[in-house]
Structure formats: C-alpha cells, structure tokens
Amino acid sequence: MTAGLNTRFESDDASPGFMLWRVTNRWQAVMRRTLAPFDLTHVQFVLLAALTWRADPEGMTQVDLAQTVRTDPMMVSQVLRALEAKGLVQRRVDPADARARRVLATAAGADKARTANAAVEAADEEFFGPRSAAPMSLLEHLSHLDR
C-alpha cells in the first residue's frame, strides 16, 4: 500500500509538468499519423523542415542544425544518415573545418518537406486550434521557456 504522492497539486490535472507531458504525448501521436504517409518520423521532418526553411545553398553544420532544433548532435547525426539514405539530404565536408559536415536538403528533400509541412500545419491547427485563437500569452510563455 502506498501513502500517495507528496505533492502540492490537488490532482495530476493541476500539475503543469504532468499536463504538458500528457498533451505532448497526444500531439506526438498526431504527428506520427500525419507524417506516416510521407515516410518520415517526426524528428526526420523537423530536421528536413529546418534545412528547407533555412534554404542556405551552403547548408549548415550538423552542430548548427542540432542547436537550431534544440536536440542532441549525436541524434541529429543518426537521423541525417537515414535521411541521406532516402536521398533527402546531402552531407559534405565543411571547407572551413574538415572534421565538420555541412548538411543541405536535396531538391527531393525540400519538396517532401514542403508537402509534409502543409499536412503538419493542418494537423497543428486541428490539434491546437486556429493560430488566431491561441492565447498569445501561452505562445509567449512557450517561447520564453525555449530560450
């Protein structure tokens, strides 16, 4: 028998962290369903979208890409290998640093990112509601937490 959880919250619904966890899991499930027809995982889409959004003909380093999407550089490297095998990205030696790799979306990768992005934005709007309906204070707060 357990004595319960020592918490200041009356229920799990009152805990911001617990609520964020639950909502994130629901949203991730929506993203998996949305991206399945494009043969992309969510992290593959995020990396491909970031590269396409940046649209730098020189590409960006894997470290810069990891920092842009706020994720682990080693994971980025693994995911980029999968995207490269699909012909969606190219990795080149950085002329300024032979140890670094510059990454850019191929034409096929950029096309897939644009098409998938339309589906992702539609799914986001269905999940979160129209952009104009989202309370700006929540968006501002999330932006602050992302810094």
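Report the residue count in region 12-26 for those that are modelled with pLDDT under 80 and either among the small types (Gly, Ala, Ser) or loosely packed, with under 10 Cβ neighbours inside 10 Å (or both).
Of the residues in region 12-26, 2 are modelled with pLDDT under 80 and either among the small types (Gly, Ala, Ser) or loosely packed, with under 10 Cβ neighbours inside 10 Å (or both).
Take Asp72 and tell me if it is more than 22 Å from Leu35 (Cβ to Cβ) and not aromatic (Phe, Trp, Tyr).
No: the conditions fail for Asp72.
Can you name the condition, by its number, that Ala85 falls short on among (1) more than 17 Å from the chain's Cα centre (by Cα); (2) at pLDDT below 95?
All conditions are met except number (2).
Which one is nearest to Gln44 (Cα to Cα) among residues in region 87-114 that are of a type in the set (Lys, Arg) and free of Cβ contacts under 8 Å to residues at least 40 places away in the same chain?
Here the residue is Arg91.
The values are calculated or read from the model by the stated rules, or taken from the named source; none is laboratory data. Everything numeric in this text was worked out from a predicted model, so none of it was measured. For neighbour counting, all protein chains shown are included, and Cβ atoms are generated from backbone atoms with ideal geometry for every residue, glycine included.
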